[in-house]
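Working notes, beginning with the structure itself.
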Amino acid sequence: MKNLTYLMSNGHSFMVDDQNPFVISRIDLDHITRVGQLVCTLFRSTMDGLKASSPSPVSSVLFDGLSADYQALGIRHPQCYPVLTRIDLMVDTDGNWKIAEIDPSNKHGMGFALATRYESGAGERQKLLSLLEPHVRQNDITTIVIGRKESFYTREQKYFAGKLQEHTGRTIDVMPEDLVENWVNSDSLMLDFPICHNPAAFKKLSRFFLGTGPGHFINPPRHMLGGKALMTLPYEHEEWLESAGMGESEIVELRKYLPPTYLGPFIGKEVFSSGAKGVFFDAVGKKIVFQKYIPQRRFSLGGEERFIRMACHFVGSSLGELTVTATKSLPVHGGNDSINYHVVVKE
């Protein structure tokens, strides 16, 4: 067991089991790969639907809570889709893979995934860096901007940048958002467009996106595709998705992997209650996402029963990297006892 402290801010740990990989079957890999393909289709159909009609019937769902500036960027250059996507998966008690989170709007976790694999030395090499290489080689410099609220991931992103630079032979910069105001490099490729809290940084990056061109962003500003509301579309807006280009059979298949998800507000009630006792009114007047709770399977890891969360990094619809985080109790992410595993496929 190793503690990769070089990836973390002071006071935190990142424990990696460098002896025992997490083993999945070829059938598991097929399911995981298919999830990536379906989510990629969901992205494309959503963007095509937004392009076809603005405002769209789903605009108020997808953009709720996102500032007007980021809403406006979200529908500019709608032909551009995110290249990098992280999909977090869990396993229910029947052994089925279920989607816990879809995130195409930031780059978190890629350094953790690479470090887990390199440190464990176990199993086949995944292909995140080789899949990214064609996007990087067309530019002299790739810039990764770290938003203020992303500062926890600075070391992890520097590790990722170093590996990507080593693989591509190109310069990869990591820059806090507060330095973007004075940054001048029209030839840069941006990894993504973080949520900025420095108005000057937002202004600089938005000018770069609108002026230099969307092709200079591996992940253009599509923050609404990373919101939980996206997961409501296959359940509440199936006809809209079909009209936007996603096939009915694809929507039905995606729902097999996606827990039932709906948009509130909701009132929660206990089965047996007296008067207003056992009634929860917190969601009244608020838009929230309501998702069915998935009882999760425990796995025997290191002689202990643990829950898992698998982070799947895709480049387009191609699977690039897999890592598993495991904890003794839920939730998995953020657990103090978390251990990380490289994933290998049992042939």
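Quick notes on this one:
- From the list Phe193, Phe209, the lone residue that is part of a helix (DSSP H, G or I) and closer than 30 Å to Val136 by Cα is Phe209.
- Candidate set: region 164-188, residues that are surrounded by 18 or more Cβ atoms within 10 Å (Cβ to Cβ) and over 20 Å from the mean Cα position of the chain (by Cα); chosen: the one nearest to Leu129 (Cα to Cα): Thr168
- Hey, Leu319 of a type outside the set (Phe, Trp, Tyr) and either more than 17 Å from the chain's Cα centre (by Cα) or modelled with pLDDT under 95 (or both) or not: no
- Looking at His12, His77, just one residue is in a loop (DSSP other than H, G, I, E, B) and touching a Pro at 6+ places or on another chain (Cβ under 9 Å), and that residue is His77.
- Taken over region 133-150, the criterion of being in a helix (DSSP H, G or I) and either touching an Asp or Glu at 6+ places or on another chain (Cβ under 9 Å) or at pLDDT 95 or above (or both) is satisfied by Arg148, Glu150.
- Here Ile294 fits the description: touching a strand residue (DSSP E or B) at 6+ places or on another chain (Cβ under 8 Å), closer than 23 Å to Gly227 by Cα and either surrounded by fewer than 23 Cβ atoms within 10 Å (Cβ to Cβ) or aliphatic (A, V, I, L, M) (or both).
The values are calculated or read from the model by the stated rules, or taken from the named source; none is laboratory data. Predicted model only: the values in this text are computed from it and were never measured. Heads up, the Cβs are rebuilt from the backbone with ideal geometry, glycines too, and the neighbour counts pull from every protein chain shown.
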